[in-house]
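The values are calculated or read from the model by the stated rules, or taken from the named source; none is laboratory data. Bear in mind the structure is a predicted one, so any value in this text is a computation, not a measurement. Ideal geometry is used to build each Cβ from the backbone, glycine not excepted, and the neighbour counts take in all protein chains shown. In case anyone asks, the SASA skips ligands and DNA or RNA and just uses the protein heavy atoms, side chains included. Shrake-Rupley method; radii C 1.70, N 1.55, O 1.52, S 1.80 Å.
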Amino acid sequence: QVQLVESGGGLVQAGGSLRLSCAASVRTFTTYAMAWFRQAPGKEREFVARITRSGGGTYYADSVKGRFTISRDNANTVHLQMNSLKPEDTAVYYCNAQRAVDGIDYWGKGTLVTVSS
């Protein structure tokens, strides 16, 4: 059973930074591509960033490109460094793991990020 636990959310002023982390309890971390999604109040969940299994490829939503950076380490953790935060970045951020062999997605419970103006 794959478990994903996010941390690092909180309240920050516009222009500030936060670093989210997601710890994955998996046997082989490199079996999974990792991603972050977010869901703002009253809106649908949307893609934020993705990193390939090797870490060699990263992809971003246009709305966060140049401000957010996704990375992964050898400790089964994926990070999302968020800089120059805007009020419109306020949302619950969810960690996603997609298993390569069958494409099954796993989700964390989310961490709330609130950006005040």
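Here is how the numbers come out for the structure above:
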item: Label-point separation in nm, GLU44 to TYR59, each point 7 Å along Cα→Cβ; result: 1.7 nm
item: Within straight-line cross-link reach of LYS65, lysines at Cα separation under 18 Å, skipping those fewer than 8 residues along the same chain; result: LYS86
item: The chain - percent of accessible surface contributed by carbon and sulfur, probe 1.4 Å; result: 47 percent
item: Value of relative contact order over the chain, rounded to a whole percent, pairs C-alpha under 8 Å and six or more apart; result: 36 percent
item: Simple spin-label estimate for GLN3 and LYS109 in nanometres, 7 Å along Cα-Cβ; result: 1.0 nm
item: Whole-number accessible area per residue in Å² for the stretch 25-117, which is evaluated in the context of all protein chains at 1.4 Å; result: 53 Å²
item: Calculated FRET value between SER25 and THR69, using beta carbons and R₀ = 25 Å, to 0.05; result: 0.55
item: In nm, spacing of pseudo-spin labels at ASN83 and ALA100 (7 Å Cα→C-beta vector); result: 3.0 nm
